[in-house]
Each structure stands twice: as C-alpha cells, then as structure tokens.
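Since the structure comes first, as structure tokens, the remarks are kept for the end.
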Amino acid sequence: MSSPLRVAMIIQGYHPCVGGAERQLASIIPLLQERGVVVQVYTRRYAGLKAYEEVSGVPVYRLPVPGPKAMAALSFVLAVQPMLQKFRPQIVHAHELLSPTTAAITAKRLMGVPVVVKVLRGGLLGDLAKLRKKLLGGRRISWIKRHVDRFIAVSREIEAELREISVREDRLAFIPSGVDTVRFYPLNREEKDKLRSTLGLPHVPIVIFTGRMEVEKRVDRLMRIWPKVLAVHPQALLVLLGSGGQLETWKRMAGERVVFMGQVEEVTPFLQASDVFVLPSSTEGLSNALLEAMSSGLASVVTDVGGGRDAVVHGESGWLVPPDDMDTFQEALIKLLADPSLRSKIGRSGRERVVRSFSLSYMVDKLCALYDELMQEQGHRV
C-alpha cells in the first residue's frame, strides 16, 4: 500500500479483556502497521478500564455501555460514531456480527466508508445463531447482507453458513486465523525438561487446555473422563490455563492430577512444556489456542466443530473427535499418552501445517489484499 490506509477496528472487548478474538486482533495489528496501515481500536468500556489508552502503540478508545443489554448495545453504536467521524477511516472492520457490525454499518451510512465484518464463530452459539434469537433477527440479517462489503469467514463452517443466507460470492472472503509461528515453536526434550523445572511442573506426561472457562469449552466433560485416563496413565497431569465464569465451579469438580493455573500473562512456555493439547468445545470459530498448540509442536485432541477440521487432518496433524463422543476423546488421549513417537510425529505434522497455511504473515497478506480490493472498488465508485 503506497499511502497510509486508515482502518477502524470495532470489537466487543480488547486488552486486558482476553479471548481468542482479542488476542488475534492484537497479534495482527503490528503486522498491519508494518505494511503502512494506521489502526485505531474502538471497544466497550468495562469497569476499571480507561476511556483511552495506547496498548502496545495502538490507540484504543473505550466507549460507555450503560444499562441492560439492548441499551448497552445502542449506547455503544451511537457513542462510536463521533469518534469515527474524527478519525475518518477509509475502512471500518467489525469483529462479530452483533453490535460491532451495527456500529460499522451506521458509520457507512453516515460516511460512505466500506465495511468488513469478521464472523467469529459458527454453529449453535455462533454469530448468526445469536442474531436469529434477537428481536427482528431476520430483518437484521437482511440489513447486514445489504450493507456489508466483505464478510470474512475464519472457517469453512462459517463460510457455508454465510452461503446458506445467500451472501453473494463476491462478498465472501475465507481468511482463517493466524498464529505467530516464531513465538510459538517446539522445544527438544532437554529444553522441555529445563522449562518444566523453571515453571515448577513435574517431569511427567502433561496434557494442557488453554482458553476461556466458559460452558461451551466443556472442561467439565474433560474432567469427568480424566480419572479413566489416570487409570491407564497414573502419572499424567492435566493443566488448565484460563479464566471465566465457570472457573470456580470447575475447580470444585477437579479430582486428582488436575491443576488450574488461572489466567497467565504468557501461555507460550506452558504449551512448550506440555505433551498433548486438548479442546473439548461444543462450538468454535477457528481456535487460536489450537493453532498455538500445533505451532508449538503438540499433538492435539479436539472436537470436530467449527474450524477444527480446517486445521487438523485427523490422524495426521491431530485427532478429531465427534463433539458428543467423550469416550472416543478419552481413548485418543490414552493412545497418545502411551506412544511418545506417535505424539512426536503428529506434533511435527501439525507444526508444518500451521507454518504452511495458518501463519500470521499469511493471514495479514490476505487481509491487506482484501483492503486493497475494497479501496479499488471505492475509487471506482467515486
């Protein structure tokens, strides 16, 4: 891009609110800046957070969201408009189909700026499913279809859902999430052992989960099968990283050889120190946690939902399990814990797949190409 492009990113939450969407956006912004894109982030202001601050050199504006959900959403949509008028973005990029998209389309109607929407999740708890449950949900979907210039699908599942509601093919872009393959890389056995000593982790087979402690992650089901895994591998340890609404409930459920680490500042060393990654979710977009684990060389056992099948080739770069079949999930865990050579083989294959198709640089290249395309279309309109 020859001249600086101004892009407004609208998202429900941002640092220090940490989830997959927030982490992904924080990861791509520096690469966009390197390519000459000027980025500002607009998000909701939650208790204890500043109205404005620079986070790693990125201007972040937090807007008030008073009252119940409907009032909060309307307040956010309206409050962001004068901020956008001041910034004068050339593209507004919304993350999620709910209030961020409403805010982006409102800005388009006021300023004539093109809108990109990244659909974060498909399935029963996905963006479209949530919209359908809202008041006048069908009409909102039709309105969104008319005014969004590009829909970004991070998984083939989401892409199929967008086709089902008759989104035009020329408005669809498949751009999967990316991971920093330089930051997340595998260690050899000696390095792994040293790191475990540093982290205070035992030298035993370690199974790890990283993510939000929310109902859809189904960590409770994972803990229910864990005693059966221990019956075969009594030294194994289950390490759980993350925070959320179910954390305290799930802590009370925990049995032997289960450790909750809470929210950690840096997940990389914990992944590098582990042997197997698990993700028993009922729904996902394309899991950042999965990509980070694969990039770190871990063999992964994941439920076959969302973008899991986009990232994982079953039996080759990971293990895909039907979402309601925890018996098979348990068998896969037992098999991988019993066979270090199989774990190593799958881990290498997973790492190679991520480097080839899910790197951050690959993703940002595709995103910049999309922005260029939109600017060319905008130029033709003018």
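The values are calculated or read from the model by the stated rules, or taken from the named source; none is laboratory data. Nothing here was measured: the structure is a model prediction, and the numbers come from that model. Reconstructed Cβ throughout: ideal geometry from the backbone, glycine too, with neighbour counts over all protein chains shown. When the accessible area is computed, the model is the full protein with side chains, heavy atoms only, and any ligands, DNA or RNA have been set aside. Shrake-Rupley method; radii C 1.70, N 1.55, O 1.52, S 1.80 Å.
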Open item on the list: Could you check segment 50-68 and list, in sequence order, the residues that are under 22 Å from the mean Cα position of the chain (by Cα) and not in a strand (DSSP E or B)?
Closed with: Ser56, Gly57
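Only one of these is surrounded by fewer than 24 Cβ atoms within 10 Å (Cβ to Cβ) and polar (S, T, N, Q): Thr101, Thr106. Name it.
Numbers: Thr101 fails: surrounded by fewer than 24 Cβ atoms within 10 Å (Cβ to Cβ).
After applying the criteria, what remains is Thr106.
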TODO: Determine which single condition Pro68 fails, assuming it passes every other condition in (1) closer than 18 Å to Gln12 by Cβ; (2) at pLDDT 95 or above; (3) open to solvent by 30 Å² or more (accessible area, probe 1.4 Å); (4) not hydrophobic (A, V, I, L, M, F, W, C).
DONE: (2)
Task: Selected residue (criterion: most open to solvent (accessible area, probe 1.4 Å)) from residues of segment 235-277 that are without any contact (Cβ under 8 Å) to a residue 12 or more places away in the chain and assigned to a loop (DSSP other than H, G, I, E, B) - done: Glu265
Open item on the list: Condition check: open to solvent by less than 10 Å² (accessible area, probe 1.4 Å), under 27 Å from Pro323 (Cβ atoms), touching a Phe, Trp or Tyr at 6+ places or on another chain (Cβ under 8 Å) and polar (S, T, N, Q). Does Ser177 satisfy that?
Closed with: yes
- [ ] Taking Arg183 as the residue in question, decide whether it is under 24 Å from Asn288 (Cβ atoms) and either open to solvent by 20 Å² or more (accessible area, probe 1.4 Å) or of a type in the set (Val, Ile, Thr) (or both).
- [x] yes
Task: Residue satisfying condition, being over 25 Å from Gly19 (Cα atoms) and either among the aliphatic types (A, V, I, L, M) or part of a helix (DSSP H, G or I) (or both), within set Arg309, Arg343 - done: Arg343
Open item on the list: Of the conditions (1) open to solvent by less than 10 Å² (accessible area, probe 1.4 Å); (2) assigned to a loop (DSSP other than H, G, I, E, B), Glu316 satisfies every one except a single condition; which number is it?
Closed with: (1)
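Which members of segment 1-20 meet the condition of being among the hydrophobic types (A, V, I, L, M, F, W, C), within 15 Å of Pro100 (Cβ to Cβ) and at pLDDT 90 or above? Walk me through it before giving the result.
In the first step, residues of segment 1-20 are kept if they are among the hydrophobic types (A, V, I, L, M, F, W, C); the result is 1, 5, 7-11, 17-18.
Next, only the ones that are within 15 Å of Pro100 (Cβ to Cβ) stay: 7-11, 17.
Listed by number, the residues that qualify are Val7, Ala8, Met9, Ile10, Ile11.
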Task: Of residues in segment 106-135 being touching a strand residue (DSSP E or B) at 6+ places or on another chain (Cβ under 6 Å) and assigned to a helix (DSSP H, G or I), the one nearest to Val80 (Cα to Cα) - done: Ala107
Open item on the list: Just to be sure before I move on: is Val167 β-branched (Val, Ile, Thr), in a loop (DSSP other than H, G, I, E, B) and under 24 Å from the mean Cα position of the chain (by Cα) in the structure I sent?
Closed with: yes
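Going by the structure shown, is Arg163 open to solvent by 20 Å² or more (accessible area, probe 1.4 Å), within 27 Å of Gln378 (Cα to Cα) and modelled with pLDDT under 95? Write out each step before concluding.
Details: open to solvent by 20 Å² or more (accessible area, probe 1.4 Å): yes; within 27 Å of Gln378 (Cα to Cα): yes; modelled with pLDDT under 95: no.
When the stated conditions are applied, Arg163 does not pass them.
Of the residues Leu291, Leu222, Leu286, which single one is under 30 Å from Gly122 (Cα atoms), in contact (Cβ under 8 Å) with a residue 40 or more places away in the chain and either open to solvent by 20 Å² or more (accessible area, probe 1.4 Å) or outside any helix (DSSP H, G or I) (or both)?
Values: Leu291 fails: either open to solvent by 20 Å² or more (accessible area, probe 1.4 Å) or outside any helix (DSSP H, G or I) (or both); Leu222 fails: either open to solvent by 20 Å² or more (accessible area, probe 1.4 Å) or outside any helix (DSSP H, G or I) (or both).
The unique qualifying residue is Leu286.
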Task: Flag for Ala21 being more than 29 Å from Ala289 (Cα to Cα) and either outside any strand (DSSP E or B) or basic (Lys, Arg) (or both) - done: no
Task: Residue selected from segment 139-158 under the condition within 20 Å of Ser282 (Cβ to Cβ) and not hydrophobic (A, V, I, L, M, F, W, C), by the criterion surrounded by the most Cβ atoms within 10 Å (Cβ to Cβ) - done: Ser155
TODO: Sort out which residues of segment 71-96 are assigned to a helix (DSSP H, G or I), among the aliphatic types (A, V, I, L, M) and either closer than 12 Å to Ala107 by Cα or open to solvent by less than 10 Å² (accessible area, probe 1.4 Å) (or both), and write them in order of number.
DONE: Ala72, Val77, Leu78, Ala79, Val80, Met83, Leu84
